[in-house]
1. Just checking: which of the helices (runs of 4 or more DSSP H) contained wholly in segment 66-166 hold 2 or more residues that are of a type in the set (Lys, Arg) and on the phi < 0 side of the Ramachandran plot?
2. Exactly one of these conditions fails for Tyr285: (1) at pLDDT 80 or above; (2) closer than 26 Å to Leu258 by Cβ; (3) crowded, with 19+ Cβ neighbours inside 10 Å. Give me its number.
3. Considering only segment 168-212, state which residues are over 16 Å from the mean Cα position of the chain (by Cα), buried (at least 21 other Cβ atoms within 10 Å of the Cβ) and over 17 Å from Val287 (Cα atoms).
4. Does segment 281-295 contain any residue that is in contact (Cβ under 8 Å) with a residue 12 or more places away in the chain, in a loop (DSSP other than H, G, I, E, B), in contact with a helix residue (DSSP H, G or I) (Cβ under 8 Å, 6 or more places away or on another chain) and basic (Lys, Arg)?
5. How many residues does segment 193-218 hold that are of a type in the set (A, V, I, L, M), outside any strand (DSSP E or B), in contact (Cβ under 8 Å) with a residue 60 or more places away in the chain and closer than 20 Å to Arg147 by Cβ?
6. Out of everything in segment 64-85 that is charged (D, E, K, R) and either at pLDDT below 90 or more than 23 Å from Val163 (Cα to Cα) (or both), what residue ends up being most open to solvent (accessible area, probe 1.4 Å)?
7. If we keep just the residues of segment 209-226 that are of a type in the set (D, E, K, R) and in contact with a helix residue (DSSP H, G or I) (Cβ under 8 Å, 6 or more places away or on another chain), which is farthest from Met142 (Cα to Cα)?
8. Would you check which residues across segment 86-113 are under 20 Å from Ser152 (Cβ atoms) and open to solvent by less than 10 Å² (accessible area, probe 1.4 Å) and list them?
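The values are calculated or read from the model by the stated rules, or taken from the named source; none is laboratory data. Everything numeric in this text was worked out from a predicted model, so none of it was measured. Here the Cβ is made from the backbone with ideal geometry for all residues, glycine too, and neighbour counts use every protein chain on show. Heads up: the accessible areas ignore ligands, DNA and RNA and are worked out on the full protein's heavy atoms, side chains in. Shrake-Rupley method; radii C 1.70, N 1.55, O 1.52, S 1.80 Å.
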Amino acid sequence: MTDLDVPVDAPPVLAPTQVSASYEHCRAVTAYHGRSYYLATRLLPAERRPAVYALYAFARSVDDLVDRPTADDLGLTAALCRTEQRLRGALAGGSAPGPVLPALVDTVARYRIDPEYFWAFLQSMRMDVPGSPEHVFEYESMEQLSRYMYGSASVIGLQLLPVLGTDLPGDPGALMPAAALGEAFQLTNFLRDVGEDLDRGRIYLPADELAAFGVDGDLLRHCRRTGHVDPRVARALAHLIARTRALYRNAEPGIGLLDRCARPCVRTAFTVYSLILDEIESSGYQVFTGRAVVPTRRRLGVAGAQLLRAGLGRA
């Protein structure tokens, strides 16, 4: 057996109280950092929510590590390597240190989630670290960006699929929509966070598609400094929003393949996240001075409608 062949059903040596405390920590992290995400999870059956919180909290902890302001890029790369080593060891039945790993290991074993998804995720995170051999500052094409997004986003949808369940267990037809929805969510984040990403020295929009509208990194940085949205940038963002909406359309049929009890949750996340694109458009593509946010009343309205639909379906 190689180090990539970690058995997903290896019994973790974890105390029940340790696992319970870890799940509660993950729930609190999700509630604090992922408001729309947490709202959607409230529509899941109670027994499935903890696993979603564990997956979110792990991804969030790694993402926060990568985004932490630091001049020690080598130290950051080493920290990512330690995270992977600890997860590999924990999945193999060893100890699970920290507040997140106990819940994550329990979730992976309980739902038989493929560990390869976590290695792909960590690989994409290394692409964000200057000084790492895998580091990418600017993505030349959507094809190159999609390779990054497979690890940073598509695998999140694939991790969640066994937790959400499908009408036909193990239905391979649900894999592609789940991956597409993860990518759509990620592209939505990239479009919303252009200004913040520039501050971190990153551009997550494909250079060739920006160039078609006369946009490059220098122009984006100028817009960030001045707070002014150049018309060329607005046209480029409109184009990329259209591409992102196409991803949502590709992902939508997958919602109907999920367990009936999971559909309201995913439909809520699908709708709320896609509404962020509407907010970007209504702001005049102003992604340089603030974040596009779906108003709380509108988010609650979406969730309430799905909850009502779910109740009627059960009746």
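1. Of the helices (runs of 4 or more DSSP H) lying wholly inside segment 66-166, those with at least 2 residues that are of a type in the set (Lys, Arg) and on the phi < 0 side of the Ramachandran plot span 73-91.
2. Every listed condition holds for Tyr285 apart from (2).
3. If the condition is that a residue be over 16 Å from the mean Cα position of the chain (by Cα), buried (at least 21 other Cβ atoms within 10 Å of the Cβ) and over 17 Å from Val287 (Cα atoms), then Ala174 is the only one that fits.
4. yes
5. Total satisfying the criteria: 2.
6. Arg68
7. Filtering first and then ranking leaves Arg224.
8. Leu87, Leu104, Thr107, Val108, Ile113
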